[in-house]
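Asker: Below is the structure I would like to discuss, written out as structure tokens.
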Amino acid sequence: MFKKLYSYRFEFFFITQMAILFGSLFIPGAFFEDTLAPILFQLNLLAGIILIYKQKEVFWFFLVLLLIGGTIIGIATATHEMSLTTSYIQFGIYFSFYLVVTFEIIKQVWQTREVNKTVIYGLISGFISLGLIGFFICMSIELANPESFRGGLLAMQETLPHTLTEQLMYFSFITMMTIGYGDILPVTPLAQKAAILIGLMGQFYLVIITAVVVGKFINKSKT
């Protein structure tokens, strides 16, 4: 099955990422955050397994992550609750996943010789994955040192569930794209350095990886 889906690995990964980022626009509320979002993350993990199918050692690593993540979601669904420890385990699984899969996407895009729509999907997916890595970095800082980030809707965490994750996801992508509205601020030295790192990741990706792919496309079109 994985072998047949490998040709569509970047498309599958891209679609699941879009569903994670923008699914709440079409299915708002707690149902998406509590039920659909974890399932979509599992599908994205499955897409990552397809993406690294030819890397056997990493393949088995991802497969174990998928099984652990599925077990956690199953237990949480059956008991209608998730402990803080379980949440940390799930958080660690996703963080590890995006670190590895982003490296693999960049490597595959970098090594490609022919630029086609599949490579373009991979290029976009790599950028989105960097934004998700930035989100996990911010979440790690906030969990270790509460109120490292202030502003936006962060003050409404007690009345609006999932505000922290949504706001830090927003902050990560806005920072990586160098838009920087300034509504959410990193107020501790560690959080500020994380913001610099996220911005640099986005710029390096656009300046180096995207430029290399565009250069290959231009060279190919001239031949």
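The values are calculated or read from the model by the stated rules, or taken from the named source; none is laboratory data. Quantities reported herein were computed from a predicted structural model and do not represent experimental measurements. Cβ placement follows ideal geometry from the backbone for every residue including glycine, while neighbour counts extend to all protein chains displayed. Remember, those area values only see protein heavy atoms, side chains included, never the ligands or the DNA or RNA. Shrake-Rupley method; radii C 1.70, N 1.55, O 1.52, S 1.80 Å.
Asker: If you place +1 on the Cβ of every Lys and Arg, -1 on the Cβ of every Asp and Glu, and leave all else neutral, what size is the dipole of segment 121-223 about its Cα centre, to the nearest 20 Debye?
Answerer: Magnitude of the dipole: close to 700 debye.
Asker: Loop by DSSP (not H, G, I, E, B), at most 13 other beta-carbon atoms within 10 Å: where is the longest site-free stretch of the chain for trypsin sites (Lys or Arg not before Pro)?
Answerer: In the chain, the maximal stretch lacking such sites is 114-223.
Asker: Modelling each spin label as a point 7 Å along the Cα-to-Cβ direction, I'd like the residue 8/residue 178 distance in nm, to one decimal.
Answerer: With each label placed 7 Å out from Cα toward Cβ, I get 3.7 nm.
Asker: Under a Cβ-only charge scheme (Lys and Arg +1, Asp and Glu -1), can you give me the dipole magnitude of segment 100-150 about the Cα centre, in debye to the nearest 20?
Answerer: 200 debye
Asker: Same structure again: So, with +1 on the Cβ of K and R and -1 on the Cβ of D and E, and no other charges, what is the size of the charge dipole of the chain about its Cα centre, to the nearest 20 debye?
Answerer: Values: 13 positive and 12 negative charges, 276 e Å.
Magnitude of the dipole: close to 1320 debye.
Asker: Right, something else. Rounded to the nearest 10 degrees, what's the angle between the helix 9-26 long axis and the longest principal axis of the chain, both from Cα atoms, 0 to 90?
Answerer: 30 degrees
Asker: Classify segment 100-223 from the C-alpha gyration tensor, please: rounded if a/c falls under 1.5, else prolate or oblate depending on whether a/b exceeds b/c.
Answerer: prolate
Asker: Hey, another quick one. Can you tell me which of 179-189, 92-102, 133-143 comes out highest on packing, and rank the rest after it, using the mean Cβ neighbours within 10 Å?
Answerer: Averaged packing, sorted descending, gives the order 133-143, 92-102, 179-189.
Asker: Follow-up question, since we're still on this one. At a 1.4 Å probe, what is the % contribution of carbon and sulfur to the accessible area of segment 104-182?
Answerer: After summing per-atom areas, the C and S share lands at 58 percent.
Asker: Let me ask something additional. Points 7 angstrom from Cα along the Cβ direction at residue 39 and residue 197: gap in nanometres?
Answerer: In this crude spin-label approximation the distance works out to 3.4 nm.
Asker: For the chain, what is the accessible area per residue in Å², given a 1.4 Å probe and the full set of protein chains? Kindly include the intermediate steps, with their values, before the conclusion.
Answerer: Values: 12290 Å² over 223 residues.
Per-residue accessible area for the chain comes out at 55 Å².
Asker: Run lengths n ≥ 4 of DSSP H only: what is the helix-derived mean residue ellipticity at 222 nm for the chain, with -39500 (n - 2.57) per run over all residues, to the nearest 500?
Answerer: After summing the helix terms and dividing by the residues of the chain, the value is -24000 deg cm²/dmol.
Asker: Okay, moving on. Distance between the C-alpha centers of segment 176-223 and segment 127-157? Whole Å please.
Answerer: A separation of 18 Å, based on Cα centres.
Asker: Check the straight Cα-Cα distances from residue 220 and name the aspartates and glutamates below 17 Å, setting aside those fewer than 8 residues away within the same chain.
Answerer: 114
Asker: For the chain, what does the alpha-carbon gyration tensor say about shape, rounded, prolate or oblate, given a ≥ b ≥ c as the root eigenvalues, a/c under 1.5 as rounded, and a/b over b/c as prolate?
Answerer: Details: a/c = 2.02, a/b = 1.26, b/c = 1.60.
Taking the square roots of the gyration eigenvalues as a ≥ b ≥ c, the chain is oblate.
Asker: In addition: What aspartates and glutamates sit close enough to residue 193 to cross-link, taking a C-alpha to C-alpha distance under 18 Å and skipping anything fewer than 8 places away on the same chain?
Answerer: Leaving aside aspartates and glutamates fewer than 8 places away in the same chain, those within reach of residue 193 are 142, 147, 183.
Asker: Also, I was wondering about something else. If you line up the long axis of helix 211-222 against the longest principal axis of the chain, both from Cα atoms, how many degrees apart are they, to the nearest 10?
Answerer: Between helix and principal axis, roughly 30 degrees.
Asker: Pull up the cross-link candidates among the lysines for residue 54, meaning alpha carbon to alpha carbon under 20 Å and not fewer than 8 places away within one chain.
Answerer: 3, 4, 107
Asker: Give me, ordered by chain and number, the residues 5 or more places off residue 149 or on other chains with an amide H under 5 Å from its own placed amide H.
Answerer: Excluding prolines and chain starts, which carry no amide H, the hits are 187.
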